[in-house]
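Sharing a structure, written as C-alpha cells. Questions coming.
The values are calculated or read from the model by the stated rules, or taken from the named source; none is laboratory data. Since this is a predicted model, take the numbers as computed values, not measurements. Every residue, glycine as well, gets a Cβ built from its backbone with ideal geometry; the counts of neighbours run over all protein chains shown. With ligands, DNA and RNA removed, areas are computed over all heavy atoms of the protein, side chains included. Shrake-Rupley method; radii C 1.70, N 1.55, O 1.52, S 1.80 Å.
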Amino acid sequence: MTTETGPYLICSIDPGGTTDPAAIVVGKVHRANHMTSVKILHLDALKPTVTPMAHVTFAQSAMAKVYGEVGHGTTRFICDVSNNSAIAYLLAQALPRDTLVGCKIINADSHSAGLTPMLIGDIGGRAASIPIMNLSRKQLLLDVGVAFQSGILSLPLTDPAQQTQMQELKRQMSRASMKVTPAGRQIAVIDRGHDDILMSLAQLLAATKLPAPRGARRSGERREPLSSTAWT
C-alpha cells in the first residue's frame, strides 16, 4: 500500500547576533513510501546586530512571502537555541501552538536519539517547553552533501530573487570541510567566514526526520506523536 505525507513546510532559523548574520531557509517537504523530498522555496539572511525580537519579524516576513507564493500550509519551525533561548521564547509566543522545535548543535560524531524538553518560560500564565533535537555539526554537514548527491534536496535555481542567497550558500558549502584535531578526532569546520545559511539548511534537513507536523495530509500512514513529554 502506498503511504504518503504532505506536502508541508519547514522554516529553519539560524539566529544571528552582534557579529553573526541570521538566516532563514524555508522548504516544502513531501514523503511517499518512506522516501522524502525537499524543495527549497526561500533563503534569506539578516545583517549582524540582530536583536532577539528581530528574529520573530524575520520569520513572519519570510513565511508571509512563501504563503503568498505557494499558499498557506501546515508549517513547522525549527530554531537553533544553542546560544540564545530568548529567541525561542519570543517565537513560541508569536507562532501557532506546538509548531516550534528547538535544536542544539553538539560536538559529537552523530545526532543524539530522540527529543528532550527544554523549558523556555511562562507563556499564557503557565510554564512552557519545546522539544529539542541535539544535532551533530559533523553529521549535519555530511547529510547536506548526501541529500544533494541523492537528489533528495533541490534549490530554487530558476528563481531570480533567490540567486544572491544561493550564491552565498554555495560559497559557504565550498568552505566546509572535515579537519582532524591533534587528538585524532574528525570535526566539521567552515573556513574564513559565516555558515548561517548552510546551517539553517542543514537544520531543515534534519527536521525532516521527525514525524510530520499535525495537520499535514496523510494517506496509508499511521500518525505518530512528535513527543509526549516535550509539549505543554
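How many nm separate the modelled label positions at F148 and E69, each set 7 Å beyond the Cα in the direction of the Cβ?
1.9 nm
P(r) for the stretch 55-98: what percent of alpha-carbon pairs falls in each 5 Å bin, starting at zero?
Using 5 Å bins, I get a P(r) of 5, 20, 29, 25, 13, 6, 2 for the stretch 55-98.
Using a cut-off of under 17 Å, list every residue of the stretch 66-90 whose amide N is near the label point 7 Å from the Cα of K104 along the Cα-to-beta-carbon line.
79-89
Also, quick follow-up: Taking the alpha-carbon distance from K39 and a cut-off under 15 Å, which aspartates and glutamates remain once sequence neighbours fewer than 8 residues away in the same chain are dropped?
Partners within reach: E69, D159.
Still on this structure, I have one more. Of all accessible surface on the stretch 3-158 at a 1.4 Å probe, what whole percent is carbon and sulfur?
Working: 3800 of 6970 Å².
Accessible surface attributable to carbon and sulfur in the stretch 3-158 totals 54 percent.
Lysines within cross-link reach of K47: Cα-Cα under 20 Å, excluding same-chain residues under 8 positions apart?
Filter leaves K65, K170.
Same structure, new question: How many times 2.2 N^0.38 Å is the alpha carbon radius of gyration of the stretch 1-138?
Values: Rg = 15.5 Å, N = 138, 2.2 N^0.38 = 14.3 Å.
Rounded to two decimals, the normalised Rg is 1.08.
Describe numerically, in nm with one decimal, the distance between label points set 7 Å from Cα along Cα→Cβ at H30 and at A113.
Label at H30, label at A113, 3.3 nm between them.
Using Cα positions and a limit of under 19 Å, work out the lysines in reach of K104, with same-chain residues fewer than 8 apart set aside.
K138, K209
Okay, moving on. With every protein chain in place, what's the accessible area of S112 (1.4 Å probe, Å², nearest 10)?
60 Å²
With Cβ to Cβ distances under 12 Å as the rule, what net charge do the other residues near Q165 carry (K, R +1; D, E -1)?
So the surrounding residues net to -2.
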